[in-house]
Every structure is written in C-alpha cells, then in structure tokens.
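Working notes, beginning with the structure itself.
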Amino acid sequence: MTDPVLNLAKRIKSIADTGLLYNTNDYDRERYTELLEISHELTSHLIGQPIEVIKDFYAPNKDYPTPKVDVRGLLLNEKGEILLAREMADGKWTLPGGWADIGFSPAEVIEKEFREETGLQVKATRLLAVFDKRCHPHPAQAFYVYKFALLVELNGPLNFQKGFDILDTGFFPIDQLPELSKDRILQSQIELLYKKAADPGSAAYFD
C-alpha cells in the first residue's frame, strides 16, 4: 500500500512547487512552503530516509534535467471536425491539453484536461504522436518539451463548460482552422494527427 501513498506525496510536492512558482502574495507563499515541507516529511516516512536526504534529492541544482511533457488531445465530431479551445493567454486556438501532472498517466492527464478546459468527459483511445518541439517550427521557449498527442472519444453528453483560462471552444473543419497558438500546436501537426486518426492501423508518429 506504500506506492499509492508515495504517489500522493509526490502530487502534493508538485502542487506546492507550482504554487511557489506562481504565487503572488506572502500568505500563499507560506501555505505552499508548508505543503512542500509536508510532502518531504511524508516521503521521508514512506521510504525510510532522513528528511535531509529527501530535500537534497529534490534540490533543483542537483536534479538531473529532463524535458517537460505537454499532452494534447484530438477529438473529432461526426462530421470529422476538430475540437479546438481558445486560450485566454494569447487569444488563439489549440487542441485541449496542457502540462502533464505528476501522479497521472498521459491518458488520465488528457481526460482531466478536457474536463477542466471544455467540461467534456472523454476517453483516451490511442497515441497518435510524440513530438519534440525542437524538431518543429514552434516559437522559442526556455523549456525543452516533448508533446504527446492522443486520440480521444466523447464519453458523455456534448455539453460545453469552458474552463477559467479558456475563452471559447468549437469544432472546425481541417481545411478551415482558426489562428492557432503556435507555442501549443502547429497546423502541420494537426494535419498529421488528423491523418493518423483516420487510419486505425497507423503507427504512432515520433521524432
């Protein structure tokens, strides 16, 4: 029974790290710092190592750098149109999705992102592609990023409830895509994913 609890400790740490990165006041910073300490204490108890060892392991300057992971989902309607979400951050459109969360599989991440961004219940059915952003003409970014693209199907009613950071949602034909948020997705990538989705026997693309 240790693994599920350890996974929860990692999720608490992830929430604390994110809060410390984006907090805007001393009250929040104090709360997220406390959460971080709790995650360290939990991990220390669960794996039987001193808390100093845990903190040293998680120290950013000693942690082995790895790519960040972005997960996106392709949902098609009965007309073969593509569901896109309009981001508040730049007012442009993208496939629903976002950064992978610790403690969630890629399928769980995209299903959660769809719920949060569009209000739709979906089920991930197939991996379509793994993109290395470096290999595609995205705008420059400080992070090194891998992008997972999964095919999803509707698993409930088509009732949209857009998330707090989403301006709008809608289905678009492949040949009439709106202005895309190029940091998140490119037209060439959507076209590739669309072709992969149309061929159930097609192997996943990877860079």
The one condition in (1) within 20 Å of L177 (Cβ to Cβ); (2) surrounded by fewer than 22 Cβ atoms within 10 Å (Cβ to Cβ); (3) more than 14 Å from the chain's Cα centre (by Cα) that G98 fails to fulfil: (3)
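Applying the selection to region 71-89, what residues are out of contact with any strand residue (DSSP E or B) (no Cβ under 9 Å at 6 or more places or on another chain) and either surrounded by 23 or more Cβ atoms within 10 Å (Cβ to Cβ) or at pLDDT 95 or above (or both)? Quick ask: steps written out before the conclusion?
Here is the first cut: in region 71-89, the ones out of contact with any strand residue (DSSP E or B) (no Cβ under 9 Å at 6 or more places or on another chain) are 78, 80, 89.
Result: E78, G80.
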- line: Of the candidates F114, F131, the one satisfying the condition of being closer than 15 Å to Y146 by Cβ and outside any loop (DSSP other than H, G, I, E, B) is F131
query: Only one of these conditions is not met by F148: (1) outside any strand (DSSP E or B); (2) within 28 Å of A16 (Cβ to Cβ). Which number is it?
result: (1)
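Does I54 satisfy being in contact with a helix residue (DSSP H, G or I) (Cβ under 6 Å, 6 or more places away or on another chain), closer than 30 Å to K196 by Cβ and not basic (K, R)? Break it down into steps so the answer makes sense when it comes.
Numbers: in contact with a helix residue (DSSP H, G or I) (Cβ under 6 Å, 6 or more places away or on another chain): yes; closer than 30 Å to K196 by Cβ: no; not basic (K, R): yes.
So I54 does not fit the description; no.
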Region 196-207: number of residues that are of a type outside the set (F, W, Y) and surrounded by 13 or more Cβ atoms within 10 Å (Cβ to Cβ): 3
- prompt: Filtering region 101-149 down to residues that are under 21 Å from D183 (Cα atoms) and of a type in the set (F, W, Y), which residue is surrounded by the most Cβ atoms within 10 Å (Cβ to Cβ)?
  reply: F114
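Within region 53-63, is even one residue modelled with pLDDT of 95 or more and either among the hydroxyl-bearing types (S, T, Y) or under 16 Å from I102 (Cβ atoms) (or both)?
If we filter region 53-63 for residues that are modelled with pLDDT of 95 or more, which is where we start, we get none.
No, every residue in region 53-63 fails to be modelled with pLDDT of 95 or more and either among the hydroxyl-bearing types (S, T, Y) or under 16 Å from I102 (Cβ atoms) (or both).
The values are calculated or read from the model by the stated rules, or taken from the named source; none is laboratory data. On a predicted model such as this, the values are computed, not experimentally measured, just so you know. Cβ: placed from backbone, ideal geometry, glycine included. Neighbour counts: every protein chain shown.
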